[in-house]
1. Which condition number does residue B:53 fail, the rest of (1) in contact with a Lys or Arg (Cβ under 7 Å, 6 or more places away or on another chain); (2) more than 10 Å from every other protein chain (Cβ to nearest Cβ); (3) within 15 Å of DNA strand C (Cβ to nearest atom); (4) not polar (S, T, N, Q) being met?
2. Given the criteria closer than 20 Å to residue B:23 by Cα and within 14 Å of chain B (Cβ to nearest Cβ), does residue A:21 qualify?
3. Take residues that are more than 13 Å from DNA strand D (Cβ to nearest atom) and tell me which of the helices (runs of 4 or more DSSP H) falling wholly in region A:35-94 contain 3 or more.
4. For region A:9-31, give me the residue count where each residue is more than 10 Å from residue A:74 (Cα to Cα) and surrounded by fewer than 19 Cβ atoms within 10 Å (Cβ to Cβ).
5. Could you tell me which residue of region A:19-34 is farthest from DNA strand C (Cβ to nearest atom), considering only residues that are touching a helix residue (DSSP H, G or I) at 6+ places or on another chain (Cβ under 7 Å) and closer than 20 Å to residue A:83 by Cα?
6. Let me confirm something: among B:2, B:37, B:16, which residue is on the phi < 0 side of the Ramachandran plot, among the acidic types (Asp, Glu) and within 12 Å of DNA strand C (Cβ to nearest atom)?
7. Within region B:12-24, track down each residue that is under 22 Å from residue A:14 (Cα atoms) and part of a helix (DSSP H, G or I).
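Coordinate-derived values only; no laboratory data. For clarity, every value in this text was computed on a predicted model and none was experimentally measured. Cβ placement follows ideal geometry from the backbone for every residue including glycine, while neighbour counts extend to all protein chains displayed.
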2 protein chains.
Amino acid sequence: MDQAKALAALSALANDTRLDLVRRLIPAGEKGLPAGDIAEALGVSASRLSFHLSALQGAGLVTARRESRNVIYAVNRGGIGALVSYILDDCCCADPGIRACCAAQGQDHGH
Amino acid sequence: MDQAKALAALSALANDTRLDLVRRLIPAGEKGLPAGDIAEALGVSASRLSFHLSALQGAGLVTARRESRNVIYAVNRGGIGALVSYILDDCCCADPGIRACCAAQGQDHGH
DNA sequence: TCAACAGTTCATGAGTAATTGAATAATGGA
DNA sequence: TCCATTATTCAATTACTCATGAACTGTTGA
């Protein structure tokens, strides 16, 4: 991942609706969710949802596939992982302090 | 970290100049760097630099302290760590696939 | 083929972010 | 005190992001 792609991914995540969107898609895993279901769950208009989903898709954070009338969106774990790696390794020069700091939170005693 | 703070941090990182800024500040550690040195290193005007540094500071990603005529900026490892934790744990529901995916890159065989 | 359904795209307008250069602090030395 | 240094703030401009609703595309079943 280069800086341009990282920037696209960061910009994609830097939005309330899109952060909610990712949070909804994660539990659905590879199976994904139809756009309509997501729209209803989040209480967001279809066009607005489409706008935000394509932002996430353009940034490589979600995938889309058509199934009959529905378009199914699923989170792209690799894309999110690559972004986190970029932040930790490229941007933060693999600083051990930062990695330790966020590894700690992920386990038990979140500070 | 709540979503509003995560959003502020993501927005702060979602910018070319500010990403470069973080990359410059990391090696300097707690000691930090004077604004003027950073401006020169990045080839950015003083006012523009000040603008971007205060964006990072507002998001809790860097700290600033005055030392005589200089203002010294240093990266806030805890702030960046908290953001990464938020992405991995809150937003991605601690999905093991994503954490594995970015832990792998940080070690040896980055895919 | 026609109508209903599921999503996307487009046009508009409102709000926000970024760049530039000039003006304004704040500090330290002569 | 006066001046040079260092950095921030302000005003103006430009560009971008987002929300909204209408129009459009693609798909299915009657």
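1. Of (1) in contact with a Lys or Arg (Cβ under 7 Å, 6 or more places away or on another chain); (2) more than 10 Å from every other protein chain (Cβ to nearest Cβ); (3) within 15 Å of DNA strand C (Cβ to nearest atom); (4) not polar (S, T, N, Q), only one is false for residue B:53: (1).
2. Numbers: closer than 20 Å to residue B:23 by Cα: no; within 14 Å of chain B (Cβ to nearest Cβ): yes.
So residue A:21 does not fit the description; no.
3. Values: elements: A:35-42, A:46-58, A:77-85.
In region A:35-94, the matching helices (runs of 4 or more DSSP H) lie at A:35-42, A:77-85.
4. Qualifying residue count for the region: 6.
5. A:23
6. Numbers: B:2 fails: within 12 Å of DNA strand C (Cβ to nearest atom); B:37 fails: within 12 Å of DNA strand C (Cβ to nearest atom).
Just a single option satisfies the conditions, and that option is B:16.
7. So the first thing to find is which residues in region B:12-24 are under 22 Å from residue A:14 (Cα atoms), and the list is B:12-23.
Selection gives B:12, B:13, B:16, B:17, B:18, B:19, B:20, B:21, B:22, B:23.
So that you can scan it fast, the table gives a plain yes or no per residue for (1) within 19 Å of residue A:34 (Cα to Cα); (2) in contact with a strand residue (DSSP E or B) (Cβ under 7 Å, 6 or more places away or on another chain); (3) free of Cβ contacts under 8 Å to residues at least 60 places away in the same chain; (4) of a type in the set (D, E, K, R):
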position	(1), (2), (3), (4)
A:45	yes, no, yes, no
A:51	yes, no, yes, no
A:55	yes, no, yes, no
A:60	yes, no, yes, no
A:67	yes, no, yes, yes
A:73	yes, yes, yes, no
A:81	no, no, yes, no
A:87	no, no, no, no
